[in-house]
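The values are calculated or read from the model by the stated rules, or taken from the named source; none is laboratory data. All values reported here derive from a predicted model rather than from experimental measurement. Cβ: placed from backbone, ideal geometry, glycine included. Neighbour counts: every protein chain shown.
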Amino acid sequence: MSNGDEKRPPLTCTVLPTANERDNVRGLILGILRHAITPHRVVVVDDDSPDGTGDAVEQLMRDNGAGAPPGSIRLIRRVGERGLTTALQAGIDLAIDSMGADLVTWMDCDMSMLPADVARLVGEVWKGGADIAVGSRWIRGGADRGHGARARMLSWLINRFAQQMLGRQIRDYTSGFIAARADVLRAVRLRGDYGEYCIDFLVRAIQSGYRVHEVPYVCMPRGAGESKTGATLWDYLVKGRKYVATVWWLSRSR
Ligand SMILES: Nc1nc2c(ncn2[C@@H]2O[C@H](COP(=O)(O)OP(=O)(O)OP(=O)(O)O)[C@@H](O)[C@H]2O)c(=O)[nH]1
Ligand SMILES: [Mg+2]
């Protein structure tokens with residue numbers, strides 16, 4: 001990875017999008033900072049969660065004894081604006097443009113992705129020669145222990161469909177657990193509404209010639225709170241429809 005000085009570890013920033021994640025956010029931030037292998041900051045992008053997620057983050061920012069170095073946490077509170085993809089992009093922009101991040105990672109703020117695995121993705125970009133590292137449930141060493149059989153099967157089906165239409169270089173197109181160099185993120189901005197942004201981002205990055213490496217990870221059950229994807233078959237079908245449409249449009253534009 002080139003950040004001007006090959007020996008200097010990259011300044012890394014993890015973006016956490018939050019919608020009612022009060023009881024997950026503190027532990028996850030502290031876990032990420034504790035496991036960091038580079039200088040590390042965290043940006044939380046909260047859409048005015050009624051459960052007080054933003055207040056919990058501010059509390060942690062004030063709590064000097066908690067183990068987060070001063071200035072290592074930033075909070076974007078969005079009022080009157082919602083959406084996973086725009087929240088992620090707002091966090092990425094702050095990380096790169098204002099905080100000077102060389103490398104940005106992002107993940108769910110629900111404990112389904114373990115803080116120690118962030119460091120593995122960062123290592124794959126910093127030392128492993130990747131431009132983008134993708135946490136993957138669907139390669140050897142990866143697994144999904146966080147979802148029931150129906151959700152796992154639908155996720156697997158969407159990924160099979162994506163591989164068929166877009167290529168087998170990625171196994172977990174819908175991962176949502178990513179580390180990428182800042183220059184990649186300047187060139188390839190996120191598009192879309194919900195999780196389908198991830199398929200779109202990875203495909204356009206590959207088309208632009210960036211090296212994408214998958215890193216296995218085990219998806220764990222959500223900690224506190226409720227899934228925003230939903231739990232019923234109808235919820236999955238509503239979200240899944242956008243994933244299928246995205247794969248279809250990307251395959252036509254190749
Ligand atoms: N800022 C913001 N964050 C969101 C929004 N919708 C979801 N999130 C966050 O995005 C992450 C993914 O949402 P989850 O509820 O975990 O949804 P999911 O991972 O697709 O579904 P599960 O597999 O059931 O966990 C979580 O950290 C959410 O809090 C939104 O509109 N705005
Ligand atoms: Mg989740």
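Here are the numbers:
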quantity	calculated
Qualifying residue in the stretch 159-167 (condition: at negative phi, surrounded by fewer than 21 Cβ atoms within 10 Å (Cβ to Cβ), under 19 Å from the mean Cα position of the chain (by Cα) and charged (D, E, K, R))	no
Number of the condition not met by residue 119 [criteria: (1) surrounded by fewer than 23 Cβ atoms within 10 Å (Cβ to Cβ); (2) in contact with a Gly (Cβ under 7 Å, 6 or more places away or on another chain); (3) of a type outside the set (D, E, K, R); (4) within 20 Å of residue 29 (Cα to Cα)]	(2)
Any chance residue 190 is more than 20 Å from residue 103 (Cα to Cα), away from ligand 2 (no atom under 16 Å from the Cβ), surrounded by 16 or more Cβ atoms within 10 Å (Cβ to Cβ) and at pLDDT 95 or above	no
Test for residue 220: is it within 22 Å of residue 115 (Cβ to Cβ) and surrounded by 14 or more Cβ atoms within 10 Å (Cβ to Cβ)	yes
Residues that are touching a residue at least 60 places away in the same chain (Cβ under 8 Å) and not hydroxyl-bearing (Ser, Thr, Tyr), drawn from the stretch 14-29	15, 16, 17, 19, 20, 21, 22, 23, 24, 25, 27, 28
Test: residue in the stretch 164-186 that is more than 30 Å from residue 102 (Cβ to Cβ), at pLDDT 95 or above and part of a helix (DSSP H, G or I)	yes
Count of the stretch 109-132 residues which are within 16 Å of ligand 2 (Cβ to nearest atom), farther than 19 Å from residue 202 by Cβ and assigned to a helix (DSSP H, G or I)	1
One residue from 225, 209 being at positive phi, of a type outside the set (S, T, N, Q) and away from ligand 1 (no atom under 16 Å from the Cβ)	209
Leading residue by the ranking (nearest to the chain's Cα centre (by Cα)) among those in the stretch 100-154 that are modelled with pLDDT under 95 and within 13 Å of ligand 1 (Cβ to nearest atom)	146
Any hit, the stretch 36-44, residues being over 24 Å from residue 136 (Cα atoms), free of Cβ contacts under 8 Å to residues at least 24 places away in the same chain and part of a loop (DSSP other than H, G, I, E, B)	no
Residue check, residue 234 in a helix (DSSP H, G or I), surrounded by fewer than 17 Cβ atoms within 10 Å (Cβ to Cβ) and either in contact (Cβ under 8 Å) with a residue 60 or more places away in the chain or in contact with a Phe, Trp or Tyr (Cβ under 6 Å, 6 or more places away or on another chain) (or both)	no
Residue list for the stretch 65-85, restricted to those being in contact with a Lys or Arg (Cβ under 8 Å, 6 or more places away or on another chain) and in a helix (DSSP H, G or I)	66, 84, 85
In the stretch 155-181, residue farthest from ligand 1 (Cβ to nearest atom) [restricted to those that are hydroxyl-bearing (Ser, Thr, Tyr) and under 14 Å from residue 205 (Cβ atoms)]	173
Any chance residue 135 is in a strand (DSSP E or B) and within 16 Å of ligand 2 (Cβ to nearest atom)	yes
